[in-house]
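**Q** Structure provided below as C-alpha cells; questions to follow.
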Amino acid sequence: MSGAPARTLLLWCPDWPVLAAEIVDGVPATDPVAVLHANRVVACSERARAEGVRRGLRRREAQGRCPQLTVVDHDPGRDARAFEPVVAAVEEVVAGVEVIRPGACALAARGPSRYLGGEEAAAERIVEHVAQTCAVESQVGIADGVFAAGLAARDGRIVPSGGTPEFLAGLPVEALGRPTLTDLLRRLGVRTLGDFAALPAGDVLARFGFDGALAHRLAAGRDHRPLAVRQPPADLTVTADHDEPIDRVDAAAFAARTLAEQLHERLAAHGLACTRLGIEAVTAHGQELHRVWRHDGLLTAAAIADRVRWQLDGWLSGSNGRGGARPARPTAGIIRLRLVPDGVLAQAGLQPGLWGETGEERERAHRALSRVQGILGPEAVVTAVLGGGRSPADQVRLVPWGDERLPARPGPPPLPTAEPPRPTEPVAPDGETGEVRAGAVTRSGRRGGVARSAGAAPVPPWPGRIPPPAPAVVLPTPLPAAVHDAAGEPVVVSARLAVSAAPARLTVGTGRPAEIAGWVGPWPVDERWWAPAEARRRARFQVCLADGAALLLAVEGGQWLVEAIYD
C-alpha cells in the first residue's frame, strides 16, 4: 500500500443504469426515468432531475415530484451486460482495462498517452470511439489513482500529475460515497476531504476502523491497490471464405482439413483443448447452417477434420426436398465455413483413460455414430438416460448421441433392500402418503423389494414408484391382459387396494393362459387428482410365471395391462 498511485484514466458513462434500461429494455432515456432499488432512487435521467428527482428519494416522493416518471427496477446483471460492448470498444483502442462497476472502467494512462499523442488526445480518442461504436456518451477523467480519476471524470477533467491531493482537498466528504462515515464526519466538523486527510492516520484507524482508514487514504490521494486489468477473451474462431461455392463432398473434405488444422494450432497456442465444436456454414443464397458436436475427450486436428467433413457430407448429401429421412440439401454451395470452439478447457485438465486416451473401440464407435448423425441428423442416434418417475416409461429419457446425459426428472436416492413378504400376501399402502412397503418377485436368487429404513425420509421423491431392479423391456404400448384366480374368476382390485383373490393365471391378449408362480403388490399411483381431465389412478403388480418370465402388470379402470418385461 506504499508508493505513489499510478496515473489513471477513467471512463465514466453518466446515468448508466438508465442507459442500460434503454439498451436492453427499450425504456427511452430522454424521458423522465428513475431506477429504484429497495424502494429508493439509485439513478435517474436528466429530465427526471429537472423535475426535482434525486438519488435516495423514496418512490412515492419521486413520483410526487414528477407524475410522469417511468420507474424501472434495478438490475445489476442488465447493467453489466449492456456495459460489456462499451468495455470491448475501449479495448479496441487501448489495452489493460479494469471494470470498476457497470458504467465505469479504468486503465493506466501512461501507455495511451504515449502512442496517442498525450493524455488529452487519448481521452478524446477513447470518448469518440465509444460514441461511434456504441452510441453512448461518456466522460474521461485522468488523475493519480482510480478514486481521484473517478471524481475528475464527473467534470471531464485532467488533473496535472502530482496535483491530485490539491484537487481532492476542496471536495466535500460526501465524495467518499460512505453515507454513515460522512454523517459522522459532518457532525465532528470535518467537511472536506482535505480536513479529513489532515487527521493523523493512527487516530482515524482507532476511531473509525479499517473502512475509515481506507477512506482516509483515498482522501489523501493514495489508492489502496493497483489496477486489476482484465484479460480480453481470445478469439479462437477460424473462418474460411470461398470464392467458388463448395457443392462437392471431396472439395468440402479438403476445406475441412485445412480449417481444422488452423483451429487446432490456435487452440494449442493458448494451451487449450476443444470438447464441443460448433460448425457454421453460409451458402451462396444466404442460407445459414449450424450444428454443434460434442466429444468426451480431446478433439485432435484429425478428429476436428473428421467431424467437419462428416457434417459437410451430411449437408451436401441431403435430400432433394421431395421426402426422405435426410434433411433437405442446401439450394446453393457453401461460400463461408466457420469453426467455433464452443467448449474449451486447459489441455492438462483431461484425465487419460486406463488404456489410452478414450479407448480404440470406444473411439471407433463414437466416430461411426457421429457420422450417422452428420448424415441423418442428431436425432438419428439416441441413448437412454435413467431419471426419476413413478413408472418405467417415465424414468427413461432418450437424448441424442454426444449430448449431455441429463435426466428429465431428478431420480430418487438409493433405498436399502429388505426381505420380500410372502408372494401370495397383498401389501397395504403406508398411511396416506402414497408410499407402499412392498417386496418384489424373487427369481434365481434376485430380490427387488425395498422398504423404508429408520433413517429414510417418510415421503420419498417419487411415492408409488416401482422398486428396483428396473425392467429390461418397457413396452411402448401396454398389452391388454386378463388375470384370474384359482377358481377361474377375474381378479379385482378395489378402491381401497384390496385384492379379491390371489392371482393364479395370466392371459396376454389372445394367447394361452400361463400359471402365475409368485406375485407381489399392489403399488398404487393416484396422479393429478386435482385435474379431472388428466387424473389417472392405477395399481401395479410384479408377477413371476411358471416358465420363469417376470412381468410388470398394471390395473386401471378394471382393465389389466402388461407394461414391462423383466430379464
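The values are calculated or read from the model by the stated rules, or taken from the named source; none is laboratory data. Only a predicted model underlies this, so the values are computations on that prediction, with no experimental measurement involved. Positions of Cβ are generated from backbone atoms using ideal geometry, with glycine treated the same way; all protein chains shown enter the neighbour counts. Keep in mind that these areas ignore ligands, DNA and RNA; they rest on the heavy atoms of the full protein, side chains included. Shrake-Rupley method; radii C 1.70, N 1.55, O 1.52, S 1.80 Å.
**Q** Share of region 72-147's accessible area from carbon and sulfur, percent, 1.4 Å?
**A** 50
**Q** Taking the inverse of the average 1/r across all pairs of different Cα atoms in region 1-107, what Kirkwood radius in Å do you get?
**A** Kirkwood radius, region 1-107: 14.9 Å.
**Q** Are there chymotrypsin sites (Phe, Trp or Tyr not before Pro) in region 473-567 that DSSP puts in a loop and that have at most 13 other Cβ atoms within 10 Å, and which ones?
**A** Trp529, Trp530
**Q** Accessible area per residue for region 29-146 in Å², computed with a 1.4 Å probe and the full protein assembly in place, what is it?
**A** Counting only protein heavy atoms, the per-residue value for region 29-146 is 51 Å².
**Q** Further question on the same structure: Once Rh is set to the Kirkwood radius over Cα pairs, what Stokes-Einstein translational diffusion coefficient, in µm²/s, holds for region 497-567 at a temperature of 4 °C and a viscosity of 1.567 mPa s?
**A** My calculation gives 98 µm²/s for D.
**Q** Once the Cβ-Cβ distance between Thr331 and Val292 is put in as r, and R0 is 25 Å, what FRET efficiency do you end up with, to the nearest 0.05?
**A** 0.60
**Q** Over region 464-553, with every protein chain in place, what whole percent of the accessible area is carbon and sulfur at 1.4 Å, could you tell me?
**A** Within region 464-553, the accessible surface is 59 percent carbon and sulfur.
**Q** So how far apart, in nm, are the two label points at His37 and Ala531 if each is 7 Å from Cα heading toward Cβ?
**A** About 4.0 nm separates the two model spin labels.
**Q** Residues in region 63-85 near a label at Ala135, defined as backbone nitrogen under 20 Å from the 7 Å Cα→Cβ point?
**A** The answer is 78-85, whose backbone nitrogens lie closer than 20 Å to the label point.
**Q** Dimensions of region 191-282 along principal axes (Cα, Å, largest first)?
**A** Projected onto the principal axes, the Cα atoms of region 191-282 cover 80, 25, 17 Å.
**Q** Still on this structure, I have one more. Provide the per residue accessible area, probe 1.4 Å, for region 504-561, rounded to a whole number of square angstrom.
**A** Per residue, region 504-561 has an accessible area of 50 Å².
**Q** Ignoring ligands, DNA and RNA, please state the percent of accessible area on region 157-198 from carbon and sulfur, probe 1.4 Å.
**A** 55
**Q** Along the positive direction of the dipole of region 157-245 (beta-carbon charges: Lys, Arg +1; Asp, Glu -1; about the Cα centre), which of Val159, Thr239, Ala215 reaches farthest?
**A** After comparing all options, I get Ala215.
**Q** Please provide three numbers in whole Å: the alpha-carbon extents of region 458-545 along the principal axes, with the largest listed first.
**A** Taking the Cα atoms of region 458-545, the three principal extents are 38, 29, 28 Å.
**Q** What fraction, in whole percent, of alpha-carbon pairs in region 1-53 exceed 19 Å separation?
**A** Across region 1-53, Cα pairs with separations above 19 Å total 40 percent.
**Q** Any chance you could run the full-extension gain for Glu174 through Leu398? It's 0.36 nm times the residue separation minus the Cα-Cα distance, nm to one decimal.
**A** Difference between extended and current length: 74.5 nm.
**Q** Here is a further query. Points 7 angstrom from Cα along the Cβ direction at Leu475 and Ser317: gap in nanometres?
**A** That separation, rounded to one decimal, is 3.9 nm.
**Q** Let me ask you something else. In the P(r) worked out for region 56-114, what percent of Cα pairs fall beyond 20 Å?
**A** So the pairs more than 20 Å apart make up 49 percent of the total in region 56-114.
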